[in-house]
Every structure is written in C-alpha cells, then in structure tokens.
Amino acid sequence: MDCIFCMIAEGKIPSKKVYEDSDILAFHDINPQAPVHVLVIPKTHICCLDAINSENSDIVKKIFEKIPEIAKQAGITNGYRLISNCGEDACQTVKHLHFHILGGCKMQERMI
Ligand code: 5GP
Ligand code: ZN
C-alpha cells in the first residue's frame, strides 16, 4: 500500500522519533505548525477516525494512554492541543490515522 505513514512506521522512510513501541510511533512533523509538533500514529493502517471500530479501537485507547508521556518526552511542559483531521473538509492529507500534538507556545483561542 502506498501510505507514507505505513512506510515511516516500517522504517522505510526516516523520521525524528519521540516515542516507539510495538504498536505506536510518535515523530516530529516535517512541517511544524507550532514550536513542538508531534504526530502519533498506530503502526497498523487505519485510514482515519471514521474507520475506528470495535476491532481496532484497542490501539486508539493505547495511543490516548501514551499521549501525556509523549508530550512530556517531546519537551512540552505547559499544555498542548490534540487534533486529528478526518476527511476532506478537515483537510486530512495523509490517509493514515494520526494525532497532532501541538505545544510549546500559547495557542490562538479560535480553532478551537
Ligand atoms: P493532516 O493534514 O493529514 O492532518 O496531517 C498530515 C501531517 O503529516 C502534516 O502536518 C504534514 O506536515 C505531515 N507529514 C507529511 N509527510 C510527512 C513526512 O514524510 N514526514 C513527517 N515527519 N511528517 C509528514
Ligand atoms: Zn498507512
């Protein structure tokens, strides 16, 4: 499958890793939108939030349990924003479920 995040998860494309275990990878976004911008992905391919179901939701639970540790590991100390774009209107560009952790500065109050 021609999925850039699957290739990053398999180590075929390099990334600046923040956290990795057998199921999850967290790495710095190539085009950061905040001083700290980390992407958290399941290593297995799930296309987006819409594709989460009872068969694959264990990995989502695991990601959410790890997010505080990943944010801390990335150097975030004063709060962060978590975003997952799903589908066309949200401008999802990579069709592999991912969570953006944005931090390291005071965010704008809108969006959201
Ligand atoms: P989306 O727009 O789908 O929510 O977010 C995709 C994110 O993936 C974007 O912020 C983009 O900068 C990032 N991205 C795309 N390709 C790569 C890549 O090859 N390496 C890394 N580290 N980030 C990428
Ligand atoms: Zn994928």
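The values are calculated or read from the model by the stated rules, or taken from the named source; none is laboratory data. In this text, all values refer to a predicted model and were calculated from it rather than measured experimentally. FYI the Cβ positions are ideal-geometry reconstructions off the backbone, even for glycines, and counts take in every protein chain you see. Remember, those area values only see protein heavy atoms, side chains included, never the ligands or the DNA or RNA. Shrake-Rupley method; radii C 1.70, N 1.55, O 1.52, S 1.80 Å.
A few notes on this one:
- Of the criteria (1) in contact with a Gly (Cβ under 9 Å, 6 or more places away or on another chain); (2) aromatic (Phe, Trp, Tyr); (3) surrounded by fewer than 18 Cβ atoms within 10 Å (Cβ to Cβ), which one TYR80 fails: (3)
Listed here are the residues, each with its yes/no results for (1) under 17 Å from ILE52 (Cα atoms); (2) open to solvent by less than 40 Å² (accessible area, probe 1.4 Å).
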| site | (1), (2) |
| --- | --- |
| ILE76 | no, yes |
| ASN85 | yes, no |
| CYS91 | no, no |
| GLN108 | no, no |
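- Restricting segment 7-53 to residues that are under 18 Å from ILE83 (Cα atoms) and in a helix (DSSP H, G or I) leaves a set whose member that is nearest to the chain's Cα centre (by Cα) is LEU49.
- Residue within segment 40-51 that is within 13 Å of ligand 1 (Cβ to nearest atom), of a type outside the set (A, V, I, L, M, F, W, C) and touching a residue at least 40 places away in the same chain (Cβ under 8 Å) present: no
So that you can scan it fast, the table gives a plain yes or no per residue for (1) of a type in the set (Phe, Trp, Tyr); (2) under 10 Å from PHE99 (Cα atoms):
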| residue | (1), (2) |
| --- | --- |
| ASN31 | no, no |
| VAL40 | no, yes |
| THR44 | no, no |
| ASP50 | no, no |
| ASN56 | no, no |
| LYS61 | no, no |
| LYS72 | no, no |
| TYR80 | yes, no |
| GLY87 | no, no |
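- For segment 1-59, a residue qualifies if it is loosely packed, with under 14 Cβ neighbours inside 10 Å, within 15 Å of ligand 2 (Cβ to nearest atom) and not aliphatic (A, V, I, L, M), and the qualifying residues are ASP2, GLU10, GLY11, LYS12, THR44, ASP50.
- In the set (1) open to solvent by 70 Å² or more (accessible area, probe 1.4 Å); (2) hydrophobic (A, V, I, L, M, F, W, C); (3) within 16 Å of ligand 1 (Cβ to nearest atom), the condition left unmet by PHE64 is number (3).
- Subset of segment 54-73 (residues that are in a loop (DSSP other than H, G, I, E, B) and small (Gly, Ala, Ser)): SER54
- ILE24 being in contact with a Pro (Cβ under 7 Å, 6 or more places away or on another chain), within 18 Å of CYS6 (Cβ to Cβ) and touching a residue at least 40 places away in the same chain (Cβ under 8 Å): yes
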